[in-house]
1. Leaving out ligands, DNA and RNA, what percent of the accessible area of the chain is carbon and sulfur, probe 1.4 Å?
2. Once you treat every alpha carbon in the chain as an equal point and sum by Debye, what is log10 I(q)/I(0) at q = 0.11, 0.19 Å⁻¹?
3. With every protein chain kept in place and ligands, DNA and RNA left out, what is the accessible area per residue of segment 43-160? Probe 1.4 Å, answer in Å².
4. What does the net charge come to around GLY57 if you take all other residues with beta carbon closer than 13 Å to its beta carbon, with K and R at +1 and D and E at -1?
5. Can you pull out the trypsin sites (Lys or Arg not before Pro) in segment 1-50 that DSSP calls coil and that have at most 14 other Cβ atoms within 10 Å?
6. Which of the aspartates and glutamates could be linked to LYS51 by a straight reach, that is with a Cα gap under 18 Å, when you skip same-chain ones fewer than 8 residues away?
7. Quote the charge dipole size of the chain about the Cα centre in Debye, to the nearest 20; the model charges only the Cβ of Lys and Arg (+1) and of Asp and Glu (-1).
8. If you wrap segment 1-102's Cα atoms in a convex hull and average its projection over all directions, what's the area in nm²?
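The values are calculated or read from the model by the stated rules, or taken from the named source; none is laboratory data. Note that the structure is predicted; figures quoted are calculated from it, not measured. Backbone-built Cβ (ideal geometry, glycine too); neighbour counts: all protein chains shown. Keep in mind that these areas ignore ligands, DNA and RNA; they rest on the heavy atoms of the full protein, side chains included. Shrake-Rupley method; radii C 1.70, N 1.55, O 1.52, S 1.80 Å.
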Amino acid sequence: MLNLVLFGPPGAGKGTQSEKIIEKYKLVHLSTGDLLRSEIKGGTELGLKAKTLMDQGILVPDEVVIGMIDNKLRENRQAAGFIFDGFPRTVKQAEALDALLRSYNEEITVMVGLEVDNEELTKRLLLRGATSGRPDDQNVDLIRKRIQEYNEKTTPVADYYRQQGKYVGVDGIGEIDTIFTTVCRAIEK
Ligand code: AMP
(Lines give C-alpha, C1' and ligand atoms only; values in the text may rest on other atoms or scores of the structure.)
Protein backbone atom coordinates (compact mmCIF):
# COMPACT_ATOMS: atom_id res chain seq x y z
CA MET A 1 0.00 0.00 0.00
CA LEU A 2 1.11 3.55 -0.67
CA ASN A 3 0.17 5.79 2.25
CA LEU A 4 1.13 9.36 1.59
CA VAL A 5 0.89 12.44 3.77
CA LEU A 6 0.74 15.59 1.68
CA PHE A 7 2.01 18.32 3.96
CA GLY A 8 2.25 22.08 3.79
CA PRO A 9 0.67 25.31 5.02
CA PRO A 10 -2.77 26.53 3.87
CA GLY A 11 -2.44 27.61 0.25
CA ALA A 12 0.65 25.49 -0.49
CA GLY A 13 -1.19 23.64 -3.27
CA LYS A 14 -2.12 20.42 -1.44
CA GLY A 15 -5.59 20.25 -3.05
CA THR A 16 -4.24 20.80 -6.56
CA GLN A 17 -1.42 18.27 -6.22
CA SER A 18 -3.77 15.77 -4.48
CA GLU A 19 -6.02 15.64 -7.54
CA LYS A 20 -3.07 14.77 -9.79
CA ILE A 21 -1.64 12.23 -7.33
CA ILE A 22 -5.00 10.46 -6.95
CA GLU A 23 -5.39 10.17 -10.70
CA LYS A 24 -1.92 8.70 -11.17
CA TYR A 25 -1.67 6.40 -8.14
CA LYS A 26 -5.40 5.59 -7.60
CA LEU A 27 -5.34 6.47 -3.92
CA VAL A 28 -8.30 7.28 -1.67
CA HIS A 29 -8.24 10.99 -0.83
CA LEU A 30 -8.77 11.84 2.84
CA SER A 31 -8.91 15.60 3.39
CA THR A 32 -10.04 16.50 6.92
CA GLY A 33 -10.87 20.05 5.73
CA ASP A 34 -13.21 18.63 3.04
CA LEU A 35 -14.72 16.13 5.50
CA LEU A 36 -15.40 18.92 8.02
CA ARG A 37 -16.91 21.21 5.35
CA SER A 38 -19.21 18.35 4.32
CA GLU A 39 -20.32 17.95 7.97
CA ILE A 40 -21.08 21.70 8.05
CA LYS A 41 -23.07 21.43 4.81
CA GLY A 42 -25.02 18.51 6.25
CA GLY A 43 -25.86 20.56 9.33
CA THR A 44 -24.61 17.84 11.71
CA GLU A 45 -23.81 18.49 15.37
CA LEU A 46 -20.11 17.85 14.65
CA GLY A 47 -20.29 20.31 11.75
CA LEU A 48 -21.87 23.01 13.89
CA LYS A 49 -19.15 22.69 16.54
CA ALA A 50 -16.35 22.58 13.97
CA LYS A 51 -17.69 25.65 12.13
CA THR A 52 -17.26 27.91 15.16
CA LEU A 53 -13.55 27.03 15.29
CA MET A 54 -12.97 26.97 11.53
CA ASP A 55 -14.52 30.44 11.24
CA GLN A 56 -11.78 31.66 13.60
CA GLY A 57 -8.95 29.84 11.82
CA ILE A 58 -8.42 27.60 14.85
CA LEU A 59 -7.79 23.84 14.64
CA VAL A 60 -10.69 21.59 15.68
CA PRO A 61 -9.98 19.11 18.52
CA ASP A 62 -7.69 16.17 17.72
CA GLU A 63 -10.33 13.58 18.80
CA VAL A 64 -12.78 14.91 16.20
CA VAL A 65 -10.47 14.56 13.18
CA ILE A 66 -8.90 11.31 14.42
CA GLY A 67 -12.42 9.83 14.73
CA MET A 68 -13.28 10.90 11.17
CA ILE A 69 -10.08 9.34 9.78
CA ASP A 70 -10.68 6.14 11.77
CA ASN A 71 -14.13 5.81 10.15
CA LYS A 72 -12.78 6.45 6.65
CA LEU A 73 -9.98 3.87 7.01
CA ARG A 74 -12.56 1.33 8.14
CA GLU A 75 -14.86 2.16 5.18
CA ASN A 76 -12.05 1.77 2.61
CA ARG A 77 -10.43 -1.53 3.51
CA GLN A 78 -9.89 -2.44 -0.18
CA ALA A 79 -8.02 0.77 -1.08
CA ALA A 80 -4.69 0.68 -2.91
CA GLY A 81 -3.53 3.34 -0.50
CA PHE A 82 -4.43 6.71 0.99
CA ILE A 83 -3.44 10.29 0.54
CA PHE A 84 -3.81 12.26 3.76
CA ASP A 85 -4.37 15.93 2.99
CA GLY A 86 -4.51 18.50 5.81
CA PHE A 87 -4.01 15.66 8.31
CA PRO A 88 -2.15 15.05 10.60
CA ARG A 89 -1.89 18.65 11.78
CA THR A 90 -0.58 18.00 15.31
CA VAL A 91 1.90 15.49 16.71
CA LYS A 92 -0.97 13.88 18.63
CA GLN A 93 -2.80 13.30 15.33
CA ALA A 94 0.39 11.87 13.78
CA GLU A 95 0.79 9.43 16.66
CA ALA A 96 -2.87 8.40 16.41
CA LEU A 97 -2.54 7.87 12.64
CA ASP A 98 0.53 5.66 13.15
CA ALA A 99 -1.40 3.59 15.70
CA LEU A 100 -4.45 3.25 13.42
CA LEU A 101 -2.33 2.17 10.44
CA ARG A 102 -0.36 -0.24 12.64
CA SER A 103 -3.64 -1.96 13.53
CA TYR A 104 -3.99 -2.75 9.79
CA ASN A 105 -0.30 -3.76 9.54
CA GLU A 106 0.29 -0.62 7.51
CA GLU A 107 2.40 2.51 7.90
CA ILE A 108 3.02 5.92 6.34
CA THR A 109 5.24 5.46 3.28
CA VAL A 110 6.33 9.07 2.85
CA MET A 111 5.46 12.64 3.81
CA VAL A 112 5.79 15.10 0.94
CA GLY A 113 6.03 18.69 2.19
CA LEU A 114 5.13 21.52 -0.20
CA GLU A 115 7.32 24.45 0.82
CA VAL A 116 5.96 27.97 0.11
CA ASP A 117 6.79 31.27 1.87
CA ASN A 118 4.19 33.20 3.90
CA GLU A 119 3.85 36.15 1.50
CA GLU A 120 3.04 33.87 -1.44
CA LEU A 121 0.58 31.88 0.71
CA THR A 122 -1.42 34.97 1.67
CA LYS A 123 -1.55 36.07 -1.98
CA ARG A 124 -2.76 32.65 -3.15
CA LEU A 125 -5.39 32.29 -0.41
CA LEU A 126 -6.92 35.70 -1.10
CA LEU A 127 -7.04 34.83 -4.80
CA ARG A 128 -8.71 31.48 -4.00
CA GLY A 129 -11.16 33.23 -1.65
CA ALA A 130 -12.39 35.42 -4.52
CA THR A 131 -13.75 32.31 -6.31
CA SER A 132 -14.00 29.43 -3.81
CA GLY A 133 -16.59 31.01 -1.53
CA ARG A 134 -14.61 29.73 1.48
CA PRO A 135 -15.08 32.38 4.21
CA ASP A 136 -11.69 31.53 5.78
CA ASP A 137 -9.93 32.52 2.53
CA GLN A 138 -11.45 36.00 2.32
CA ASN A 139 -10.06 37.72 5.37
CA VAL A 140 -6.37 38.61 5.85
CA ASP A 141 -6.54 38.34 9.67
CA LEU A 142 -8.07 34.87 9.42
CA ILE A 143 -5.42 33.79 6.91
CA ARG A 144 -2.70 35.06 9.28
CA LYS A 145 -4.31 33.12 12.15
CA ARG A 146 -4.33 29.90 10.10
CA ILE A 147 -0.68 30.34 9.15
CA GLN A 148 0.13 31.03 12.83
CA GLU A 149 -1.71 27.83 13.88
CA TYR A 150 0.28 26.00 11.23
CA ASN A 151 3.61 27.38 12.44
CA GLU A 152 2.86 26.65 16.10
CA LYS A 153 1.05 23.32 16.02
CA THR A 154 1.65 21.74 12.63
CA THR A 155 5.33 22.31 11.74
CA PRO A 156 6.40 19.86 14.53
CA VAL A 157 4.61 17.15 12.52
CA ALA A 158 7.28 17.49 9.80
CA ASP A 159 9.95 16.82 12.44
CA TYR A 160 7.99 13.80 13.61
CA TYR A 161 8.26 12.20 10.15
CA ARG A 162 11.78 13.56 9.58
CA GLN A 163 12.89 11.58 12.63
CA GLN A 164 11.44 8.47 10.95
CA GLY A 165 13.38 9.33 7.77
CA LYS A 166 10.11 9.84 5.87
CA TYR A 167 10.01 13.60 5.15
CA VAL A 168 10.77 14.87 1.64
CA GLY A 169 10.52 18.63 1.04
CA VAL A 170 9.45 19.92 -2.38
CA ASP A 171 9.60 23.52 -3.67
CA GLY A 172 5.91 24.48 -3.93
CA ILE A 173 6.45 27.57 -6.08
CA GLY A 174 6.36 27.26 -9.87
CA GLU A 175 4.37 25.51 -12.57
CA ILE A 176 1.83 22.95 -11.28
CA ASP A 177 3.15 20.22 -13.61
CA THR A 178 6.80 20.86 -12.68
CA ILE A 179 5.91 20.61 -8.99
CA PHE A 180 3.96 17.42 -9.72
CA THR A 181 7.00 15.84 -11.40
CA THR A 182 9.08 16.56 -8.29
CA VAL A 183 6.30 15.21 -6.04
CA CYS A 184 6.19 11.95 -8.05
CA ARG A 185 9.96 11.62 -7.77
CA ALA A 186 9.64 11.99 -3.98
CA ILE A 187 6.88 9.34 -3.86
CA GLU A 188 8.78 6.83 -5.98
CA LYS A 189 12.15 7.31 -4.30
P1 AMP B 1 -8.17 23.09 5.32
O2 AMP B 1 -9.25 22.86 4.32
O3 AMP B 1 -7.23 21.90 5.43
O4 AMP B 1 -7.44 24.38 5.11
O5 AMP B 1 -8.88 23.20 6.74
C6 AMP B 1 -9.80 24.23 7.05
C7 AMP B 1 -10.02 24.29 8.56
O8 AMP B 1 -10.53 23.03 9.03
C9 AMP B 1 -8.76 24.52 9.39
O10 AMP B 1 -8.46 25.90 9.51
C11 AMP B 1 -9.15 23.87 10.71
O12 AMP B 1 -10.00 24.73 11.46
C13 AMP B 1 -9.97 22.68 10.29
N14 AMP B 1 -9.14 21.46 10.10
C15 AMP B 1 -8.90 20.79 8.93
N16 AMP B 1 -8.12 19.72 9.12
C17 AMP B 1 -7.83 19.71 10.45
C18 AMP B 1 -7.04 18.86 11.27
N19 AMP B 1 -6.37 17.79 10.77
N20 AMP B 1 -6.96 19.15 12.60
C21 AMP B 1 -7.63 20.19 13.12
N22 AMP B 1 -8.37 21.05 12.41
C23 AMP B 1 -8.48 20.82 11.07
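1. After summing per-atom areas, the C and S share lands at 50 percent.
2. Rounded to two decimals, the profile gives -0.46, -1.52.
3. Numbers: 6180 Å² over 118 residues.
Per-residue value: 52 Å².
4. +1
5. Sites meeting the loop and neighbour criteria: LYS26.
6. Output for LYS51: ASP34, GLU39, ASP62, GLU63, ASP136, ASP137, ASP141, GLU149.
7. The dipole magnitude comes to about 260 debye.
8. One quarter of the hull surface, i.e. the mean projection, equals 6.5 nm².
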